Amino acid sequence: MPTAKQEDKVISVSEIVTSPRGRKKVITPALAEKLRDLRAGQAVALAGTFGNVPMAQRTKVSQVIRKHWNHVRDDACRIQYSPEGVPQVSVKG
């Protein structure tokens, strides 16, 4: 509901102003760089970035890793967690 009394008016399509929608993607440059430089046959253990991730947080952390991966690469990644909960990322395939 409008707070102040305004009149409706017809405008041209070129006058339409839109507001941004959704969340802005937050990319950590250090993590993106680590994932960008990864080659086939290599893996990176992200203990310094995420530490030991509890089971309840692994889905969220995996989503953050995939977001960064897709930002810098076109191929797919594989994320596996060590028994301590450290995410280990490698090139899938």
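Only Cα pairs under 8 Å and at least 6 apart count here; give the relative contact order of the chain as a rounded whole percent.
Relative contact order for the chain comes out at 31 percent.
As an exercise, use a Förster radius of 22 Å and the Cβ-Cβ distance of Lys25 and Asp74 to find the FRET efficiency, rounded to the nearest 0.05. Present the calculation step by step, with values, prior to reporting the outcome.
Numbers: r = 17 Å, r/R0 = 0.76.
Step by step, r from the Cβ atoms, then E = 0.85.
Charges at C-beta only: +1 for Lys and Arg, -1 for Asp and Glu. How large is the resulting dipole of segment 25-91 about its Cα centre, in Debye rounded to 20?
Computed about the Cα centre, the dipole is about 180 debye.
Cross-link partners among lysines for Lys60, C-alpha distance below 24 Å, same-chain residues fewer than 8 apart left out?
Lys24, Lys25, Lys34, Lys92
With label points built 7 Å along Cα→Cβ from the Cα atoms of Arg58 and Asp37, find their separation and express it in nm.
Distance between the two pseudo-spin positions: 2.8 nm.
Residue farthest toward the positive end of the dipole of segment 25-91, with Cβ of Lys/Arg at +1 and Asp/Glu at -1: which of Gly41, Gln88, Ala76?
Farthest towards the positive pole: Ala76.
Taking only Cα atoms and a 10 Å spring cutoff, compute GNM fluctuations for the chain and point out the largest among Ser14, Ser82, Ser62.
Comparing Ser14, Ser82, Ser62 in the GNM, the peak value goes to Ser14.
Looking at the chain, which trypsin sites (Lys or Arg not before Pro) are in a loop (DSSP not H, G, I, E or B) and have at most 10 other Cβ atoms within 10 Å? Working shown, then result.
Values: sites: Lys5, Lys9, Arg21, Arg23, Lys24, Lys25, Lys34, Arg36, Arg39, Arg58, Lys60, Arg66, Lys67, Arg73, Arg78, Lys92; in loops: Lys5, Lys9, Arg21, Arg23, Lys24, Lys25, Arg39, Arg73, Lys92.
Sparse-neighbourhood loop trypsin sites (Lys or Arg not before Pro): Lys5, Lys9, Arg21, Arg23, Lys24, Lys25, Arg39.
Each reported figure results from applying straightforward, stated rules to the coordinates on display, with no laboratory input. Only a predicted model underlies this, so the values are computations on that prediction, with no experimental measurement involved. Virtual Cβ from ideal backbone geometry, glycine too; neighbours counted across all protein chains shown.
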